[in-house]
Structure formats: structure tokens, C-alpha cells
Amino acid sequence: MKKFPALLILSFLFCSVVSAQDPFEKYPVFPDCESEDVGALKVCFNNKVRQLISENFQEPEIVAQDNYQGEVSVLFEVTDTGKFEVLYIDAIYEELKEEVKRVFGTFPIIEPGTYNGRVLSQQYTFTFNVPIGTFAEEQVETTQTATVAKKDRKAVIGSEEHPEYDAIEKLPYENDEYTSYINIPLSHHNYGLFDPALNQVGSNNHTAQKPFLYADVNKYYNFAEENAAISKTRSTWFGRKWWNEHMVTLKGKDFWLTLDPGVDLQAGKDTDSDIDTYNNTRLVYTQGGLGKKINFFAVVYESQGRFADYFNRFAEARAPDGGNPAIIPGRGIAKRFKTDSYDYPIATGHVSFSPSEHFNLQLGHGKNFIGDGYRSLFLSDNASPYPFFKLNTTFWKLKYTNTWMSLRDVRSEVTADGSFRTKYMANHYLSINVTKRLNVGLFESVIWENDNDRGFDFNYLNPVIFYRAIEFSTGSRGGNAIIGLSAKYKFNNRFNMYSQLIIDEFSSSDIFGGEGSYKNKIGYQVGGKYYDAFGLKGLNLQAEYNRVRPYTYSHNTVVLNYGHNNQSMAHTLGANFSEFIGIARYQNGRIFGDAKVIVAKRGFEFNTSDDDRFYGGSIYGTEDDRISDNGNELAQGNTTDFFHAEIQAGYLINPATNLKIYGSLIIRDFSPELDTGAVFQNNTTWVNFGIRTDLFNWYYDF
């Protein structure tokens, strides 16, 4: 039989002793108790509650079938209007909980209790036996929690104790995060669980702007019910915390908070390069709410790791100025750990404020994503976290997202006085549900640097301006503007298609001229999703094709590329590539499995003494070094065939914290036309096992 948490019991016992001696307190009064003296109201109140439960309680059928004998504990409140409200029920069966709620719903409205002569809300616990019939003597009386109304929270003249501390309410945590305005941690696997529910024909939501808010998704996918369906019955504190619940929960009348430790522990081997790989991440994360409009989320990671050979080389090829050896993709700058590993601490989080149902404002340090695909050509979560401010506006059939970001260029050639180069990005994305099946999105983005000490240019703070016009008015070389168009069509509840088109240089003559102009800087994406594929519930399939021409996302002012911390802010592969992706995801209860195949053709620079020209593959190249004005073709330069296959299978240990245990296998083939210092033939077979608190996407497919 489950019990109330120890702290809650102690608080009840303590408060019951205090209230028994409190001369300022008057218990709520049932009509049958009006003739009683004040000193007898407590006994009359308790006896009346016991009587009403005995007369109205109907034993659920499952209790009789299981021949169950035990206890039910109820935490309830008599409000300052005399209404009974159930706050928490501790019982082994959900049917028992529902019956107790029904019974208390039949209680009459009574005269509320008072303290120091003022009306207040009071909380009580009541415990009774099942099957019902007799109440243990020590369980007859309810226990008050001494909740004093706000208007009475001041010292009582002449009293020995101040009532303010005892007035602090302690309430049971009831999955408050699921109705909050906190971002759902951005994980492709986790988002795949509720993606089918969000993409029903006729739903008026918007699925491109990520991360999603719990409050928005919970309208279509009931997190509490879904997690309860796979909940494990555990009577011990450790069992509940390990399998079902947050480690620490705290809730009062106007706030709630959870606190959890987490890990990302991996052990594996790159068999082709004979490297023993590992990752050792310890983390702590918290989330909570202040009132109904303010929420927060924060996580701190401390990590050390060594990875497969291709991953280590990729990280070190992006090493920042200043002597640190690497940037861990998607994470951040790393320092050397021992002789062949990396140490890379990081912290992310955000504060979310929703003044009304139409607006949500966020200030944070993290990542954002725009699109319905696995990749995004607009804005992805590929790069390291960054500071951002975001405004979401939702009404009618529209959702308009404005995001302002502060980014860094950490290359030696742009670093000044030991300080990384600062640049800024602002983007708009307008999502429109044209019909119940068709969604269209309009995107624009601009990057500018701190030239002429202008810092954050307030010209770009206007949430409805056309950035291309602003870029022109501030100097065409002072900013890099990009525009885009997206669409999604739901054929039915199980199948939809999506697309993106990105235009980095809006010159119609170069785009449609057919001469292979370097100004023809466009990319597009086409994809489809199939839910409960072939009638198998929980099996979701996805296919996606991405194609980005040379020189896209780069700029003739080298700092104004579409990058941050030497990583692309859009597609993981940068530019000058074509790519096909096939993904299958399956989950049944707590068991899950993923499979992914990527086939791509990519074009890199040679970067040799014989050929140091810019072929349009790296977003950090300068267009002034381009190979030619016309005749540019996809995957030009050091043409490379790329193959990546990845499978993963695991078990969800705790759905509240997304703690998972898993095993994975990556098979990778990277075959360039010419081996150079940075681009070379590499075959990888990487076997990995781990236990992970899944709070972010970690990409290994580059």
C-alpha cells in the first residue's frame, strides 16, 4: 500500500498538535453541527465526514474481485466558500480514487472555518478502511494543515507564535509540467511519440516551430494518461522514483518544482580504428512554475568523452582559437581530458512567460528548430546552444514566431584581442493553416555583425519588418538575409508530406538562368511521414530528400555565414550536397527501436597547395575565392560518397525523466575523390551501449 511522503505526514502530525491547542481556530460547520459549542465542532465535523463517506461510498468491483483489504487516505480542502475539494488520494486502485472523488462531490456546501475571526480555506486528511464498514479509532479524526488565508497572514497581537510559517501550503505534485509553458526537451525519438496525435486532419496546431510547449501538446496527447498506461506498481520510495516519478517534487499554492539527477553514460568501440569509446555525463535539471504564467527549465552538464575516430577528427577540425583542442558537435568547446579525451561542460535553460493564451515569451540559452523534417534548411538544433529571446504569437489559424539570437565565430582568423567574434541572428516564421489539411510557412532570417560598434541593431527588433529591406538600408555587406517557404499536406491521419525551399541570394536571373551561377544559392527539402505503418501501432516511417546548392549559407563578408561555433545553424552537412534519409521508429510500452539510413553525395574543398579555391561546400568559405561565376554544379570539388546506417534499441526506464538504457550500432562509409588532410577515406563500425537521460538530439550522421 502506498503512503504519503514522509515530509507530508510529519507536517500533518505537527500541524495537528498545534491546531489542537490553537484558541483562534474554528472548524467548518455542517448544518447538523450548528447547535454544537465551538469546542465540539471538531468532533462533529469529523463524525459528519465519516458518516457521509459511509453512506455514499460504493465499493468498486475490482476491490471485491481481488479480495483487497487496505486503506485509502484523502487530502481535501474546505474552501473559504464552504466547498469540499479533493486535492490528493492515496489508494492502490484508480477505481478507488475515482469513487472517492465522486463521494466528496456529493458533500454539501457548509459554513467555512475561520482563524482569528476571519474566513479561510483549510486542508485535512482522512483515512478509512476498505472494505468500508469500520473505521480504526485513530483514523476517525481528520488532521488539519493549518492553512491561513492571505488576508490573515500577519502577526496575531498577543499570540506567542506568528501564523505565517504554518500558513505555507504544501500540496501533492500532480504532473504540473504537462500543463505548463515549459519547452518539451527536443528529441526526435520523444517527439515521435506524439507526432501522430498532432498531425490529425482538422487539428488547428502548428508543428514546425520547435521545441513545443507542454501545454500546447497536452491538448492532443495526454502525457499523464500515456505515462500512467506504462506505469509500474511500486510501493517503495526508491521503486517509484526509479520507474515512474521525478526524484524531488515540491508544490505550494502558487508554485511547483521538480529536481532530478541524470546521466549520459556510454561505453563502446570503433572497431575499424580500434578505439575504445566512452562518454561520462552527469547532469542535474530542474523545472517549475511560479503562478500560472511563469515557468522555467534549467540543466547543467559535466561531461568527459572519447568517440569514434571520425567523430573525434570532426570535433578537432572545428577547434576554436585559443588552444582548446575541439568543439564537440552540438555541445560546445572542449578542453583536453587526459591524453586522448575531451572535457566539455555546458548549461542550458529558459524562462517562459505566457501573459495570455495568444502570447508566449522565452529568454534562454539553448536551441531552436523550424521544420517538420528530420533536417531543417531554415534553423536546426545542429550547432551548440546559444542565447536567444523568442516570441510566439498564436491566434485564429496563425502562429508567428520571432527569434533573436547571439552567435559566435570562434575561428582564429576572425578573433580579435583574444575575444571571439560576436554576430547576431534574427528570424521570423509565419505558419498558416490554409485548410484543415494544408499548412504553409513563410521564413526570413538575417545575420549581422558588430561592425562600426553598432552591437545589436534595433532595426531588426521590429517583429513584422521585411529583413531584406533592412539589410539594404544598413548596407548590403552589413548583413546576410535568407528567405524561405515551407508547406505540409495531410492526406489522412496517418500520412502527410512536407517541404522546405530556401533562397540565400534572391536573384531571379541567376536562379532561373540555367547557367550554374554561384548566386543560384537555393536548397529544398521534400519528405513524408507514415504513422502506424502497415497497421502496426507504434511503427512510424519517414523518408526525406534534401538538396542544397554550392555557396548557400556562405557570404562574401566571411563572418556573415550561417554558422555558430564552427557549426552550421541549418543542415548538418552544410552546403553543396544531395541527401536521402530513411527512418523507422517503433515503440511498444517501454520498449523502443530506431533505424536510420542516409545516402548522400557531397562536395568539399581540396584545401591543398595545388588547389585552395572555394568550391561552395563549407559555409565558412568566402565567395571572393569561388572557382567561377557560372558553371557551378552540385557536389563539385572533392566529390564524396557518404553512407551512414544506424540502429538503436532500448528500454525506457522512467517516462517522467526520459531515462533510457540502449544499445546502438553505426556503420559509416566516407569515400572522397581525393584524400586530403581534412577529407579522407574512412570506414567506421561503432558499437555503443549506454544509459541516458534523453534531453536533446545528438547527431552522429555527418
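Of note:
- Among the residues here, L442 does not qualify as farther than 30 Å from I627 by Cβ, of a type in the set (A, V, I, L, M, F, W, C) and at pLDDT below 85.
- Residue in the stretch 531-544 that is within 30 Å of I598 (Cα to Cα), of a type in the set (A, V, I, L, M, F, W, C) and modelled with pLDDT under 95 present: no
- The condition of being more than 25 Å from the chain's Cα centre (by Cα), of a type outside the set (G, A, S) and assigned by TED's automatic domain parsing to the domain that holds F643 holds for only one of K521, K529, that being K521.
- Filter pass, E77 being acidic (D, E) and out of contact with any strand residue (DSSP E or B) (no Cβ under 9 Å at 6 or more places or on another chain): no
- Only one of the numbered conditions (1) at pLDDT 85 or above; (2) surrounded by fewer than 20 Cβ atoms within 10 Å (Cβ to Cβ) is not met by S486, and that is (2).
- Residues considered: R585, R668, R692. Of these, the only one that is in contact with a His (Cβ under 9 Å, 6 or more places away or on another chain), closer than 30 Å to Y178 by Cβ and of a type in the set (K, R) is R585.
- Strands (runs of 3 or more DSSP E) wholly inside the stretch 307-367 containing at least 3 residues that are in the same structural domain as F680 (by TED's automatic domain parsing) and of a type in the set (S, T, Y): 346-356
- Residues of the stretch 353-376 satisfying the condition of being more than 19 Å from A298 (Cα to Cα) and in contact with a Ser or Thr (Cβ under 9 Å, 6 or more places away or on another chain): E357, H358, F359, I370, G371, D372, G373, R375
- Count of the stretch 63-84 residues which are surrounded by fewer than 13 Cβ atoms within 10 Å (Cβ to Cβ) and farther than 27 Å from I110 by Cβ: 5
- Residue match in the stretch 56-64 (condition: at pLDDT below 85, in a helix (DSSP H, G or I) and farther than 18 Å from G113 by Cα): yes
- Criterion (surrounded by 15 or more Cβ atoms within 10 Å (Cβ to Cβ), at pLDDT below 70 and not charged (D, E, K, R)) met by exactly one of G523, G516, G478, G527: G478
- Residue among G663, G631 that alone is free of Cβ contacts under 8 Å to residues at least 40 places away in the same chain, assigned by TED's automatic domain parsing to the domain that holds Y285 and small (G, A, S): G663
- Here is the figure for the stretch 601-621: residues that are surrounded by fewer than 21 Cβ atoms within 10 Å (Cβ to Cβ) and either closer than 23 Å to R547 by Cβ or outside the structural domain of E544 (by TED's automatic domain parsing) (or both) total 3.
- Residues of the stretch 100-136 satisfying the condition of being touching a Pro at 6+ places or on another chain (Cβ under 6 Å) and without any contact (Cβ under 8 Å) to a residue 60 or more places away in the chain: V119
- The single condition from (1) surrounded by fewer than 17 Cβ atoms within 10 Å (Cβ to Cβ); (2) under 25 Å from R331 (Cα atoms); (3) of a type in the set (G, A, S) that G252 fails is (2).
- Inside the stretch 508-543, residues that are out of contact with any strand residue (DSSP E or B) (no Cβ under 7 Å at 6 or more places or on another chain) and either farther than 27 Å from I432 by Cβ or hydrophobic (A, V, I, L, M, F, W, C) (or both) make up a count of 14.
- Candidate set: the stretch 408-420, residues that are modelled with pLDDT of 90 or more and assigned to a strand (DSSP E or B); chosen: the one surrounded by the fewest Cβ atoms within 10 Å (Cβ to Cβ): R408
- Among residues of the stretch 442-471 that are at positive phi, those with a beta-carbon under 9 Å from a residue that is at pLDDT below 75 at least six positions away or on a different chain give the pairs N452/G478.
- Among all residues of the stretch 670-679, there is at least one that is in a strand (DSSP E or B), buried (at least 18 other Cβ atoms within 10 Å of the Cβ) and within 34 Å of the chain's Cα centre (by Cα).
- Wholly enclosed helices (runs of 4 or more DSSP H) of the stretch 172-289 bearing at least 1 residues in contact (Cβ under 8 Å) with a residue 12 or more places away in the chain and within 23 Å of G690 (Cβ to Cβ): 188-198, 223-229, 237-243
- Only one of the numbered conditions (1) more than 23 Å from the chain's Cα centre (by Cα); (2) at pLDDT 95 or above; (3) farther than 25 Å from Y651 by Cβ is violated by N295, and that is (1).
The values are calculated or read from the model by the stated rules, or taken from the named source; none is laboratory data. This structure is a prediction, so every number in the text was calculated from the model and none was measured. Using ideal geometry, Cβ is built from the backbone for each residue, glycine included, and neighbour counts are taken over all protein chains shown.
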